[in-house]
Amino acid sequence: MVMEEEPPPPPQPRPSGRKPLTRLNEFVAKSRVGKRFKLAERNSNFTTELRAGTATFLTMAYILAVNASILTDSGGPCSVSDCVPLCSDSTIPLANCTGSNLRIIQPTDSCKFDPVNPGYATCLDRVRKDLIVATVASSLIGCLIMGIFANLPLALAPGMGTNAYFAYTVVGFHGSGNVSYEAALAAVFIEGLIFLLISAIGLRAKLAKLVPKPVRISSSAGIGLFLAFIGLQSNQGIGLVGYSSSTLVTLGGCPASSRVSLAPVLTSPNGTVTLLEGGTVSGSLLCLHNRMESPTLWLGVVGFVIIAYCLAKNIKGAMIYGIVFVTAVSWFRNTSVTAFPDTDSGNTAYQYFKKVVDVHTIQSTAGALSFKYIGKGFFWEALVTFLYVDILDTTGTLYSMARFAGFSDENGDFEGQYFAFMSDATSIVVGSLLGTSPVTAFIESSTGIREGGRTGLTAITAAGYFFLAFFFTPLLASIPAWAVGPPLILVGVLMMRSMVEIDWDDMRQAIPAFVTLILTPLTYSIAYGLIGGIGTFVILHLWDWGLALFVKFGFVRGNYGGGVNGALDHPRQDTKALEV
C-alpha cells in the first residue's frame with residue numbers, strides 16, 4: 001500500500017526577510033540596554049530614540065553660539081591688565097612711538113569699551129572660544145546625567161534668560177556691573193549646591209508653588225521679551241533698535257561706520273575731557289545717519305524670515321537653518337556683510353576659521369570662581385535670583401515636558417522625577433565650574449518627544465551630537481551677531497505662549513503679571529521684574545489677607561471675597577484669599 005505524501009509545510013519567513021532596522025530595533029529592545037531604558041515598556045524603539053535625539057539637538061544647537069556670544073559680552077575674566085599700551089597716534093606702532101608730538105597711553109578702565117583695546121579684544125576672542133567649549137561640555141554632561149539616571153528624553157544646556165541676566169545685569173557689559181565674572185560664577189556654584197540640596201530633600205516643587213501664579217506664568221514671558229530686546233540690538237542682534245537721547249530707544253539699523261559710542265564725560269575749564277568717575281563707555285549704539293541701511297541688518301532679517309517660515313510650517317531645526325544661512329553668507333570675505341573684515345582682528349579670526357577642526361582647551365574660564373564678594377548684598381541678590389529662576393523655569397519645564405510625553409499621573413508627578421531634579425541641579429554645579437551660567441532643561445526637548453522619544457536614549461543621542469561639536473570650535477566661534485539675533489527674537493515669541501494662562505479679567509492677576517512682563521526687559525533684569533510683580537501682588541492682596549485674619553480670629557463674621565482697589569464683594573463660599 002502506497003501512502004500519499006503529505007504536502008510540505010508552508011515556508012516560514014526567514015529573519016533575513018525583515019527590514020534591517022526592524023531587526024536592529026528588536027535586538028536592542030531585548031538587550032540589556034533596551035531593558036535598562038525600558039524601550040518596550042514605553043512603546044518606543046532604538047531608531048525612534050535616535051531620530052528624536054537628532055531632532056532635539058537640531059532645535060537647540062543654536063545655544064552653542066548664542067550662549068558663548070552673550071556671556072562673552074560680560075568680558076569674562078578679562079580685565080584692564082589684558083589691555084596693552086598704545087601710541088597717541090593709533091596708526092603708529094608702539095615701538096615707533098617717539099617724538100615730541102607722540103606719547104604712550106597707558107591702559108585705564110576705558111580700554112574695555114569702544115574703541116576696545118587690541119589686548120582686551122584678543123582676550124575676549126580667547127574667552128569666546130573657552131565659552132563655546134564650556135557650553136558644549138556642560139550640555140554634554142547634563143544630557144548624559146539626565147539620560148542615564150533619570151531615563152527621560154530631556155536635553156539640558158545653559159538656559160536662555162539666565163545667561164543674559166548673568167552677562168548684562170550681574171557682571172555688566174565688559175565687567176561694568178557690581179559683581180565680577182569670577183564672583184558671579186561663585187554665586188551660580190553656591191546656588192547650584194542649594195538647588196541640589198532642596199532637590200534631594202524634596203522641597204523643590206513645593207517652593208515653586210509658593211510663588212504667585214500670575215508672576216510665575218508671566219516671568220517666562222518677560223524673559224522672552226528680554227531675549228528679544230537683546231536680539232534687536234547691535235551687540236548680540238541684528239541692530240534694528242538703537243539709542244535715542246529723547247526717547248531712549250528708536251529705529252537703528254545703520255552700518256557700523258555710522259554708529260558711535262556714548263559715555264558720561266566731564267569737561268574741565270581748560271577743555272580737557274575725562275570720563276566721569278564710575279561711568280562707562282557704551283557699545284556702538286547711537287546711529288548718526290544712514291538708518292536702516294546696514295547690510296548685516298537686512299541679512300539678519302532674511303534669517304528671521306527663514307526661521308519664522310520654518311516654525312510656521314513646523315519644520316524641525318528651524319533655528320539652525322536660519323543661523324546656518326546667515327552665517328554661510330557672512331563667511332565670504334570682501335563683502336559688505338563679511339564676518340572677517342580686512343582688519344588685524346578680522347584677519348586673525350579668518351585664520352582661525354580656516355582650521356575648521358580644532359579641539360580647543362579651556363584656558364581661562366574653568367575654575368575661575370572667586371568668593372571675595374560673598375559678604376556683599378548684590379552677590380546674594382544675584383544668587384537668590386538665579387535660584388528663583390531655576391526653581392521656576394527648570395521645574396516648570398520638567399513638569400510640562402513630562403505631561404507632554406504622557407508620563408504624569410493625576411498629581412502631576414512622573415517616573416524618574418527625583419533623578420530628573422537631581423540631574424539638572426548637578427549640571428548647574430558642573431557648568432559653574434566650567435565657566436558658564438546655570439544649566440537647565442530645554443523646552444526644545446518637546447521636538448524630540450513629538451518625534452516619539454520616550455526614554456533617556458534621546459538625551460544620550462543629543463549628548464553624542466554635543467560631543468561632535470567639540471571638534472568644530474573654529475566654525476562655531478565664527479558665527480556673527482546678526483546670525484544670533486533672529487533666533488533670540490523668535491525664542492522670545494515661543495516664550496510668550498504662557499501668557500494665555502493669565503486671567504486678564506481678574507485685575508489681581510493681570511496687574512502683577514503685566515508688571516513682571518514689562519519690567520523684565522525694560523530694566524534689563526529678571527530680578528527687578530520678579531520683585532515688581534511679587535510686590536504688586538502682595539499690595540493688591542493685603543486687604544484680602546487682613547480680612548481673612550479678622551475672620552479667623554472672630555473680629556469679623558462671614559467669608560469675604562477680595563475686590564480690586566479694596567472693594568468688598570458679597571460674601572461667598574468659594575472665594576480664596578490667595579491663589580498660587
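Under 21 Å from the Cα of Lys112, which lysines turn up, not counting those fewer than eight places away in the same chain?
Lys129
Would you please name the chymotrypsin sites (Phe, Trp or Tyr not before Pro) within region 425-493 that are DSSP coil residues with at most 14 other C-beta atoms within 10 Å of their C-beta?
Qualifying residues, ordered by number: Phe471.
What whole-number volume per residue, in cubic angstrom, does the convex hull of the C-alpha atoms of region 12-138 give?
181 Å³
Just to confirm a number: summing +1 for Lys and Arg and -1 for Asp and Glu over residues other than Ala420 whose beta-carbon lies under 12 angstrom from that of Ala420, what do you get?
My count for the surroundings of Ala420 gives -2.
What net charge do the residues around Leu398 carry, taking every other residue with its C-beta under 13 Å from that of Leu398, with Lys and Arg at +1 and Asp and Glu at -1?
Charge balance in the 13 Å sphere: -3.
Can you work out the Karplus-derived ³J(HN,Hα) for every residue in region 436-442? Use 6.51 cos²θ - 1.76 cosθ + 1.60 with θ = phi - 60°, whole Hz, and x for glycine or proline.
10, 6, x, 8, 9, 5, 9
Which values of log₁₀ I(q)/I(0), to two decimal places, follow from the Debye formula for region 419-502 at q = 0.13, 0.26 Å⁻¹ with a uniform point scatterer at every Cα?
Debye curve over Cα of region 419-502, log10 I(q)/I(0) at q = 0.13, 0.26 Å⁻¹: -0.64, -1.28.
Can you work out ³J(HN,Hα) from phi for every residue in region 379-384, in order, using Karplus 6.51 cos²θ - 1.76 cosθ + 1.60 and θ = phi - 60°, giving whole Hz and x for Gly and Pro?
Values, residue by residue: 5, 6, 4, 5, 4, 5 Hz.
Roughly how large, in nm² to one decimal, is the mean projection of the convex hull of the alpha-carbon atoms in region 325-381?
Average projection, Cα convex hull of region 325-381: 7.4 nm².
Give me, ordered by chain and number, the residues 5 or more places off Ser244 or on other chains with an amide H under 5 Å from its own placed amide H.
Excluding prolines and chain starts, which carry no amide H, the hits are Val249, Thr250.
Mind jotting down the distance between the C-alpha centroids of region 389-441 and region 456-510, whole Å?
Answer, in whole Å: 16.
Just how much of Val337 is accessible, in Å², when a 1.4 Å probe is used and the result is rounded to the nearest 10?
Its heavy atoms expose roughly 20 Å² to the probe.
Charges only on Cβ, +1 for Lys and Arg, -1 for Asp and Glu: so what's the dipole of region 86-242 about the Cα centre, in debye to the nearest 20?
Roughly 640 debye for region 86-242.
Hey, can you grab everything whose amide H is under 5 Å from the amide H of Thr440? Only 5+ residues off in sequence or another chain; H modelled, so Pro and N-termini drop out.
Ala157, Gly159
So what J values fall out for region 186-191 if you push phi through Karplus, 6.51 cos²θ - 1.76 cosθ + 1.60 with θ = phi - 60°, rounded to Hz, Gly and Pro as x?
Listing the rounded values in order: 5, 5, 5, 4, 5, 4 Hz.
I'd like to know how region 102-167 sits against the 2.2 N^0.38 Å rule of thumb: what's its Cα Rg over that expected value?
Against the empirical 2.2 N^0.38 Å value, I get 1.74 for region 102-167.
Please sort 531-539, 363-371 by packing, taking for each peptide the average over its residues of neighbouring beta carbons within 10 angstrom, highest first.
Those peptides, ordered most packed to least, come out 531-539, 363-371.
Using a cut-off of 15 Å between beta-carbons, work out the net charge of the residues near Ser258 (Lys and Arg +1, Asp and Glu -1, Ser258 not included).
It works out to a net charge of 0.
Could you let me know the centre-to-centre spacing of region 96-139 and region 187-261, using Cα atoms, in angstrom?
When both Cα centres are located, 26 Å separates them.
Whole percent per 10 Å bin, from 0 to the bin with the longest distance: what is P(r) over all C-alpha pairs of region 381-432?
23, 50, 23, 5
What are the residues whose amide H is under 5 Å from the amide H of Asp89, where those residues sit 5 or more places off or on another chain and H is modelled from the backbone?
Amide H neighbours of Asp89: Arg103.
Within region 80-188, list the trypsin sites (Lys or Arg not before Pro) lying in a DSSP loop whose Cβ has at most 15 other Cβ atoms in a 10 Å radius.
The qualifying sites are Arg103.
For region 61-212, count all C-alpha to C-alpha pairs, find those more than 23 Å apart, and express that count as a whole percent of the total.
Tail of the P(r) past 23 Å holds 52 percent of the pairs.
Just to be sure I follow: if Rg is taken over the C-alpha atoms of region 164-255 and Rh is the Kirkwood radius over the same atoms, what is Rg/Rh?
1.10
Give, as ranges by residue number, the residues of region 75-118 whose backbone N falls under 14 Å from the point 7 Å along Cα→Cβ of Ala256.
Only 114-118 fall inside the zone, counting backbone N under 14 Å.
Go ahead and estimate [θ] at 222 nm for the chain from helices alone: -39,500 (n - 2.57) per DSSP H run with n ≥ 4, summed, over the residue count, rounded to 500.
-16000 deg cm²/dmol
Rounded to whole Å and sorted largest first, list the principal axis extents of the Cα atoms in region 208-250.
Per principal axis, max minus min of the Cα coordinates gives 41, 22, 10 Å.
The values are calculated or read from the model by the stated rules, or taken from the named source; none is laboratory data. Everything numeric in this text was worked out from a predicted model, so none of it was measured. When we count neighbours, we look across all protein chains shown, and the Cβ atoms used for this are built from the backbone with ideal geometry, even at glycine. The area values use the complete protein model at the heavy-atom level, side chains included, leaving out ligands, DNA and RNA. Shrake-Rupley method; radii C 1.70, N 1.55, O 1.52, S 1.80 Å.
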